[in-house]
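What follows is a single structure, written as structure tokens, with notes after it.
The values are calculated or read from the model by the stated rules, or taken from the named source; none is laboratory data. These numbers were taken from a predicted model, which means no experiment stands behind them. Glycine also receives a Cβ, built like all others from the backbone with ideal geometry; neighbour counts cover every protein chain displayed. Remember, those area values only see protein heavy atoms, side chains included, never the ligands or the DNA or RNA. Shrake-Rupley method; radii C 1.70, N 1.55, O 1.52, S 1.80 Å.
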2 protein chains.
Amino acid sequence: MAKARDQEERISERNRRIILKAGIEIFARKGFDGTRIAEIAEASGLPKANVYYYFSSKEEIYRAIIEHLITGWDNALKFISPEREPAEAFRLYIKAKLDYARKNGAESRLFASEIIQGARFLTKKDRDHMRRVTDRHVTVVDGWIASGKLLPVDARHLFIMLWASTQFYAEFEPVAADGLGKSRLKVDDYEAAATAISETILRGILPAAG
Amino acid sequence: MAKARDQEERISERNRRIILKAGIEIFARKGFDGTRIAEIAEASGLPKANVYYYFSSKEEIYRAIIEHLITGWDNALKFISPEREPAEAFRLYIKAKLDYARKNGAESRLFASEIIQGARFLTKKDRDHMRRVTDRHVTVVDGWIASGKLLPVDARHLFIMLWASTQFYAEFEPVAADGLGKSRLKVDDYEAAATAISETILRGILPAAG
DNA sequence: ACAAAAGTTGACCAAAGTGTCAACTTTACA
DNA sequence: TGTAAAGTTGACACTTTGGTCAACTTTTGT
């Protein structure tokens, strides 16, 4: 029965997962200070005191969520690789970023709010990691520029353009929906976004006849 | 002395202005729920109870700030005009957006936070206004496309790209600074951003030899 | 079957924060 | 100069919220 037990999620793992999932939704909507532990408890189907059995404080729940988001922060960057042609690399990157934004709206908004308000829960280690990852991929892009595969463009500003354009749809959904004349964004809105962003930015950075 | 009095700002106007200015800085950093009236009072140099003399509630201060921000929301769009050539229009637009972002960082972050958390303080009227203004400028861009002055691009997604790319620097300053390998963004970072965004996006949307 | 460990929970407490108010001071006006 | 209006403010009331705890129940392991 030990094997069955190992396969079944333990009570503590299940409850921690439920609490974090509820926390993501509510912190995304209401921010750290606007969120009540009682709300997280209610959404988790647990008594409030029980939440404190699994997490020592509200801040610990929030930090656990932030660390979880950081681990996946650079997933899409794997496409920016010297083994690929830049056109394909950027298309895949833009698509992956938009897919993440569409599928993880609450996470996107939570992380965005955290940054906008000063990134007070990001540690120096987090930021150093993000900086190193960025530097590594800037180097790949600079290599493409040096070999003539890309027009001369500031790679750092290019990445900012790409991050901003792709994250906007999930983060600023009310304005994105209004801007697109829609009440709510759907899969084809994200696909149209991938097309518009890819075509516009790729034409802007690839040599002619690219 | 009536004339002198008219010229001098009345006590109530001065205090309301000071309270709103303090409110912008603190709401931007801490969000609506994370901000304490006592903090706004202290930053204003007024006793807390006095803040309630001028504004009936914390929410009234916040709403007044949001309405103020809405009135200037579309200032930069004036450059998107049929009287201009698209290349010039977009360059001016991008520059104006970046200038606003650089000079009004706190306002940008406050407004961004508001949208990300669901735009709960924006009224239907506000959103209808923003939608109408956007529609009008989408029509101008569609006209340029129809006349061959622009490549076929979805104007709505193009505006989203432009908004996202230009606002990012002020809104996500910690990540923008890290991405640029800087500790803090300066005027020349914004100028480099204007160059990168203009060159990349304009090459992406203007017919060849543009 | 029993004991230990893990999990649950209603009630509670201390601190924080919004907002109020009566009494006062300052300004404006006739 | 005197009065009315505007502005100021320390103390307070009330509500909310993060977090605690003792006592209980359930699960796990021997």
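Among the helices (runs of 4 or more DSSP H) lying completely within the stretch B:16-122, list those that include at least 1 residues that are within 14 Å of chain A (Cβ to nearest Cβ), out of contact with any Asp or Glu (no Cβ under 8 Å at 6 or more places or on another chain) and in contact (Cβ under 8 Å) with a residue 40 or more places away in the chain. Explain how you work it out, then say what you get.
Details: elements: B:37-44, B:48-54, B:58-71, B:86-103, B:105-116.
Hits in the stretch B:16-122: B:58-71, B:86-103, B:105-116.
Consider B:E173 against the criteria (1) in contact (Cβ under 8 Å) with a residue 60 or more places away in the chain; (2) at the interface with chain A (Cβ under 10 Å from one of its Cβ atoms); (3) open to solvent by less than 10 Å² (accessible area, probe 1.4 Å): it satisfies all of them except one. Which criterion is unmet?
(3)
Output yes when any residue across the stretch A:143-154 is charged (D, E, K, R) and assigned to a helix (DSSP H, G or I), and no when none is. Before you say what the answer is, go through the steps one by one.
Start the filter on the stretch A:143-154 by keeping residues that are charged (D, E, K, R), which leaves A:149, A:154.
Then keep just the ones that are assigned to a helix (DSSP H, G or I); that gives none.
No, the stretch A:143-154 contains no residue that is charged (D, E, K, R) and assigned to a helix (DSSP H, G or I).
Condition (residue is without any contact (Cβ under 8 Å) to a residue 40 or more places away in the chain, open to solvent by 30 Å² or more (accessible area, probe 1.4 Å), facing another protein chain (nearest Cβ under 10 Å) and not in a helix (DSSP H, G or I)) applied to the stretch A:176-188: is it met by at least one residue?
Our first condition is that a residue be without any contact (Cβ under 8 Å) to a residue 40 or more places away in the chain; within the stretch A:176-188, this holds for A:176-184, A:186, A:188.
With open to solvent by 30 Å² or more (accessible area, probe 1.4 Å) added as a condition, the list becomes A:181-184, A:186, A:188.
Checking which are facing another protein chain (nearest Cβ under 10 Å) leaves us with A:181-182.
Now drop any that are not not in a helix (DSSP H, G or I), which leaves A:181-182.
The answer is yes; a qualifying residue exists.
Does B:Y93 meet the test of being over 21 Å from B:E114 (Cβ atoms) and within 14 Å of DNA strand D (Cβ to nearest atom)?
no
Right, A:I19: in contact with a Ser or Thr (Cβ under 7 Å, 6 or more places away or on another chain) and within 11 Å of DNA strand D (Cβ to nearest atom) or not? So that I can check it myself, show each step before the final result.
Values: in contact with a Ser or Thr (Cβ under 7 Å, 6 or more places away or on another chain): yes; within 11 Å of DNA strand D (Cβ to nearest atom): no.
So A:I19 does not fit the description; no.
When you go through (1) β-branched (V, I, T); (2) modelled with pLDDT of 95 or more; (3) over 28 Å from B:D188 (Cβ atoms) one by one for A:V138, which number turns out not to apply?
(3)
Determine which member of the set A:A119, A:A208 is open to solvent by less than 10 Å² (accessible area, probe 1.4 Å) and either modelled with pLDDT under 95 or among the basic types (K, R) (or both).
Answer to the selection: A:A119.
Name every residue in the stretch A:22-31 that is of a type in the set (A, V, I, L, M) and within 14 Å of DNA strand D (Cβ to nearest atom), in order of residue number.
A:A22, A:I26
Residues being at the interface with chain B (Cβ under 9 Å from one of its Cβ atoms) and open to solvent by 40 Å² or more (accessible area, probe 1.4 Å): count how many of those fall in the stretch A:129-151.
Looking only at that region, the number is 3.
If you check A:L77 against the conditions, is it among the hydrophobic types (A, V, I, L, M, F, W, C), closer than 30 Å to B:T35 by Cβ, in the same structural domain as A:L162 (by TED's automatic domain parsing) and crowded, with 17+ Cβ neighbours inside 10 Å?
Details: among the hydrophobic types (A, V, I, L, M, F, W, C): yes; closer than 30 Å to B:T35 by Cβ: no; in the same structural domain as A:L162 (by TED's automatic domain parsing): yes; crowded, with 17+ Cβ neighbours inside 10 Å: yes.
Judged against the criteria, A:L77 is not a match.
Can you tell me which residues in the stretch B:32-62 are of a type in the set (K, R) and within 8 Å of DNA strand D (Cβ to nearest atom)?
Here is the first cut: in the stretch B:32-62, the residues of a type in the set (K, R) are B:36, B:48, B:58.
Answer for the stretch B:32-62, where residues must be of a type in the set (K, R) and within 8 Å of DNA strand D (Cβ to nearest atom): just B:K48.
Which one of these is without any contact (Cβ under 8 Å) to a residue 24 or more places away in the chain, hydroxyl-bearing (S, T, Y) and more than 14 Å from A:L77 (Cβ to Cβ): A:S165, A:S147?
Sole residue among the options that is without any contact (Cβ under 8 Å) to a residue 24 or more places away in the chain, hydroxyl-bearing (S, T, Y) and more than 14 Å from A:L77 (Cβ to Cβ): A:S147.
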